[in-house]
Amino acid sequence: MALFNKPAVSLKKKAAAIRTNFPAAAWMVFVSLVSAITALLQTAGGAIPVAGLFISPLSTLPILLMMQISRLYGLYTYILAIILLVLIQPAEVLLFTFTTGLLGIGLGLGFKNLRRRFFIALSGSIFLFSGMCIMLYGLSFPLFGANFPYTDCSLLPGLCLFSLAYSYGWTEFTLFILKKRWNVTL
């Protein structure tokens, strides 16, 4: 059966092939559509009562995929999704800006520059951990609810381990999608 499988393509070659197929105007339209999808996925947490909590984390994926195609288009997607969230559902702006979106940027940069799964997950974890610390300690945003004690620093090791585990899960999920859909390897 391996005789009929397509050969695996590296991620850099696949991204370069995708980038050169379309003109810049088409990419701007595509970036805006992906940003709209990202914003809609993020707003699902507040719009759909229970299922939205499982749909909302998927807003990381469009930014991650756009960062793999082009860093600039990934940043455009991130910024435009933030602007759309301000218009659609302002309550989700901080969560997206400092957690879900930053994780997509960190993992996208990791996939673009690194080759080992652990280091890719570590790059996403650094971005997610820094965003969570900015929200908790810089902005005093109650990330885990109002009754949770945020003043002590005993929360930091747990946040670090959570962000590493969550980022590693996203790394594996992304590799699964890339392998099944586009036959791409690191």
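Please treat every number below as a calculation from the coordinates, not as lab data. Predicted model, so just to flag it, every value in this text is computed and none were measured. Reconstructed Cβ throughout: ideal geometry from the backbone, glycine too, with neighbour counts over all protein chains shown.
Miscellaneous remarks
- Span-like helix check, the chain: qualifying full DSSP H segments, with Cα axial length of 30 Å or more and mean Kyte-Doolittle of 0.0 or more, are 24-47, 155-182.
- Normalised convex hull volume, the chain, alpha-carbon set, Å³ per residue: 133
- Extension gain for PHE54-PHE162 works out to 37.2 nm (0.36 nm per residue, less the C-alpha to C-alpha distance).
- Based on every Cα atom in the range 28-84, Rg and the maximum pairwise Cα distance Dmax equal 11.2, 34 Å.
- Mean-position separation - Cα centroids, the range 149-186 and the range 97-140, in angstrom: 9
- Virtual paramagnetic centre 7 Å along Cα→Cβ of ILE177, amide N under 18 Å, in the range 19-48: 19, 30-45
- The range 2-185, relative contact order [Cα under 8 Å, separation at least 6], %: 21
- Fully extending the segment from ALA36 to SER130, taken as 0.36 nm per residue of separation minus the present Cα-Cα distance, adds 31.3 nm.
- Label positions at LEU139 and ASN113, each projected 7 Å from the Cα along the C-beta direction, are separated by 2.4 nm.
- Cβ crowding within 10 Å, taken as a proxy for footprinting-reagent exposure, orders MET28, MET66, MET135 from fewest neighbours to most as MET28, MET135, MET66.
- 222 nm mean residue ellipticity, helices alone, for the chain (DSSP H n ≥ 4; -39,500 (n - 2.57); rounded to 500): -22000 deg cm²/dmol
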